[in-house]
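Before any comments, here is the structure.
The values are calculated or read from the model by the stated rules, or taken from the named source; none is laboratory data. What you see is a predicted model, and the numbers here were worked out from it, not measured in a lab. Calculation scope for accessible area: heavy atoms of the full protein, side chains included, ligands and nucleic acids excluded. Shrake-Rupley method; radii C 1.70, N 1.55, O 1.52, S 1.80 Å.
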Amino acid sequence: MNLILAFISSERVSSIQMNQLQSELRLARSLIAEKDSEIQRVRNTNNQYVEENERLRAILGEWSTTAAKLERALEAERISNLELQKKLMLKSQTHKNKSIPRCSWTSNISKFASCFFGSEVHSVDSGFPFFVYFPAIEACR
């Protein structure tokens, strides 16, 4: 009888140990599943970051290309402006050498108009040496 009781008792202990082990196994599997899903979330997030990084690099490359084109265009514009300025300076120097003859009476008209209208009178170079601009009259218009 003792032998039967010992057998039943050992059977119960084995059953309790088996239940304990199965419970620990379920817990370990759930922890593993939890960690696997966390790893999967991290991988998905990382993939999104990689895609965003690639997209931003492409945009940066486009901007760099555009900036380089604009810099080249700006430099070409600067060179063109310098050439135009040189041409204008040469033109103005040759124009100064070909002065328009002025009549002495132009200054007399300016003095008279200045006294008459009570304001300063300016001679305007329109190709005619006798053309006079009256600011007082212009202000009244």
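Applying the set (1) open to solvent by less than 100 Å² (accessible area, probe 1.4 Å); (2) modelled with pLDDT under 95 to Lys87 leaves exactly one unmet item: (1). For segment 43-82, filtering for residues that are open to solvent by 90 Å² or more (accessible area, probe 1.4 Å) and not polar (S, T, N, Q) leaves 16. Among all residues of segment 46-57, there is at least one that is at pLDDT 55 or above, in a helix (DSSP H, G or I) and of a type in the set (A, V, I, L, M). Please verify whether Ala6 is modelled with pLDDT of 95 or more and either assigned to a helix (DSSP H, G or I) or open to solvent by 100 Å² or more (accessible area, probe 1.4 Å) (or both), treating the condition exactly as stated. In short, no. Total residues in segment 11-30 satisfying the condition of being open to solvent by 90 Å² or more (accessible area, probe 1.4 Å) and of a type in the set (A, V, I, L, M, F, W, C): the figure is 4.
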